[in-house]
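Following: one structure in structure tokens, then a few remarks.
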């Protein structure tokens, strides 16, 4: 409450707000790191602490995150594969190099487009669902209820989701690779009159196992990020149902941001 | 306080508990003793700190100073592992029920058994149905929490809280938001649980009627301070002004500081 | 928890002793279910049971139901007040056949 001996100063207030915002970010970041550490702890030590990780919730999360996302991932990957082929041929035609389109398409799909599209889609579908679920559970005292039952919430709620994410996001990425290459192939074969055999030959010849692994490796990191961002946002909820809506939106924005930044950092470190 | 040899041993001992949120003092040197087998009602208006005190008692928050001993063990000094083991002796019924919405009522009640014991599936099922009988929710084990009314959710929460036969039971606002009939049936449930299972029960509430019906002793909390601890008659007979204000149902009203109020309204 | 099993006048007497809690109730359950399997009238003597939690009660319920299905007599003997209160809470005192002592249980013709 402002009192007379402490006059409100606009600049000071702005700086304070900035400070508070930064503190929140740093806090969130710190919480995320702790979360990851604790999650790994429960995976390794859970049984010894009489808090084992259960398989059933992992499988149900894998269904939700992975299997149910297959149709939409397939449609997105197919269209993006075709788009890349159209753009690639169009650009390369100027140099008369349109037959080289295969290499460009294959590399960009496996190294960037498939992991990014998959990551962003899963963040939108399942990262938001996680944040909403945790937010609701937090405001309904369900997380407190878990704690006073002697059930560690990280072990019970976060670890199954984390494990499902780091398995299913790469799995979806691999699927996205295949469908994307298939979509690109459809267009290239019909437009350039290339035979299916030649297209497959070229693709397998240009594509290194490392390119695919580069994409899959990144998608593991994306999966973990989606869980951590979802949990950090979800458990920071304040103010009822509206608050849950807010953290859900926020969680999607933050995880997409985190995925793209992580991508940049990994690419910078690995390919420079 | 005179110690009579006939009094049962204390099972909860709160000593000089102080808690700050930022620079605000929420709990101010709270000292409180709960004896074995009694129903202690912690009563106060909103902002009195009663919910915060409950969160401290069940180990969800830790104070700035002071100590809380449950069953002779200082919960502030326990490791996470020790605390998780200790929680088997504790039951908590949260205000809104806090049932997990993705599980049926039966699965909710069974969860502590599943996580902490190796009992046979059949034994666990019977235990769940027994508790549902006790809280008058027989036959609801396959319902989802969203299909239950507010009063039923609270009953189910009680069933879950006592599934491991705890020594201590904590209830947050058991009668809040319920009509008088349902509310008094919950009071009756609390009394029955204590009588049959010899539990020590701590109830946090702002409802005077409910407090007077169930309490062996009442602790009156106001602005983070324990104003008085005593039997219903003792508290009612108190000549403390703040207690009388509370009893006259004026505790939801804020004490007004005219200068601060004006400053707040004008923003100056 | 300890236990003894005796045969008397064609009855199977299961004597439980000590605390029947989450740790020991699986054992108590097995003992009673085994007794039901042998097909004689069963008397569960609770005189020396100092504490019984709801997992113990649940085991009694299960054994009683099995005995009923096989049309075998099943009764509780010498239930102490604490256990009786717990039975009463779930209205099980109206379900179980309860005898005050072994003698009256042996003389009853169920």
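Every number here is computed from the coordinates shown, using simple stated rules; none is lab data. In this text the structure is predicted, and so the values were computed from the model without any measurement. Positions of Cβ are generated from backbone atoms using ideal geometry, with glycine treated the same way; all protein chains shown enter the neighbour counts.
Prolate is the label for chain B. Its Cα gyration tensor axes, ordered a ≥ b ≥ c, give a/c of at least 1.5 and a/b above b/c. Distance between the 7 Å Cα→Cβ label points at residue B:182 and residue A:34: 3.7 nm. Determine the distance separating the Cα centre of the range B:204-226 from the Cα centre of the range A:210-258; give it in Å without decimals. Answer, in whole Å: 43.
Taking a ≥ b ≥ c as the square roots of the eigenvalues of the Cα gyration tensor, the range A:128-167 is classed as oblate, since a/c reaches at least 1.5 and a/b does not exceed b/c.
Could you tell me whether the range C:2-105 comes out rounded, prolate or oblate from its Cα gyration tensor? Rule is a ≥ b ≥ c as square roots of the eigenvalues, rounded for a/c under 1.5, then prolate if a/b exceeds b/c, otherwise oblate. Rounded.
DSSP finds beta bridges in chain B, and of those with both partners inside it, around 55 percent are antiparallel.
In this calculation the C-beta distance from residue A:25 to residue B:35 is compared with R0 = 56 Å, giving a FRET efficiency of 0.70. For the pair residue B:80 and residue B:260, label points projected 7 Å from Cα toward Cβ lie 3.8 nm apart.
Across peptide B:54-60, the average count of Cβ atoms from other chains found within 10 Å of a residue's Cβ is 2. Under Stokes-Einstein, with the Kirkwood radius over Cα pairs as Rh, the value for the protein assembly as shown at 37 °C and 0.692 mPa s is 112 µm²/s. Taking the DSSP bridge list for the protein assembly as shown and keeping only pairs wholly inside it, about 45 percent are antiparallel. The modelled label-to-label distance for the pair residue A:83/residue C:19, using points 7 Å beyond Cα in the direction of Cβ, is 6.6 nm. Geometric descriptor of the range B:33-148, per residue, is 161 Å³ (volume of the convex hull of the Cα atoms). Take each residue in C:88-98, count the other chain C-beta atoms within 10 Å of its C-beta, and the mean is 2. Sorted on the mean count of surrounding Cβ atoms within 10 Å across their residues, most packed first, peptides B:130-138, B:238-246 read B:130-138, B:238-246. Within 10 Å of the Cβ of each residue in B:102-114, the mean number of Cβ atoms contributed by other protein chains is 2. Please build a GNM for chain B, connecting alpha carbons under 10 Å apart, and tell me which residue among B:195, B:172, B:118 fluctuates the most. Comparing B:195, B:172, B:118 in the GNM, the peak value goes to B:118. First measure r as the distance between the Cβ atoms of residue A:206 and residue A:45, then evaluate 1/(1 + (r/R0)^6) with R0 = 41 Å and state the FRET efficiency to the nearest 0.05. Result of the calculation: an efficiency of 0.35. Computed packing ranks the peptides B:216-222, A:17-23 as B:216-222, A:17-23, most packed first, by mean other Cβ atoms within 10 Å.
By the helix-only formula, in which each DSSP H run with n ≥ 4 contributes -39500 (n - 2.57) and the sum is divided by residues, chain B has a 222 nm mean residue ellipticity of -11000 deg cm²/dmol. To the nearest 0.05, how large is the calculated FRET efficiency for residue A:271 and residue A:14 if R₀ is 41 Å and r is the Cβ-Cβ distance? The calculated FRET efficiency here is 0.55. Under 10 Å, Cα contacts only: if you run a Gaussian network model on chain A, which one of A:98, A:16, A:27 comes out with the highest mean-square fluctuation? Per the Cα network of chain A with a 10 Å cutoff, A:16 tops the list. Can you tell me what share of the DSSP beta bridges in the range B:109-268 is antiparallel? A percent to the nearest 5 is fine. Around 50 percent of the beta bridges assigned by DSSP in the range B:109-268 are antiparallel ones. The ellipsoid equivalent to the alpha-carbon distribution of the range A:55-271 has semi-axes of 40, 15, 14 angstrom, derived from the gyration tensor eigenvalues as √(5λ) and listed largest first.
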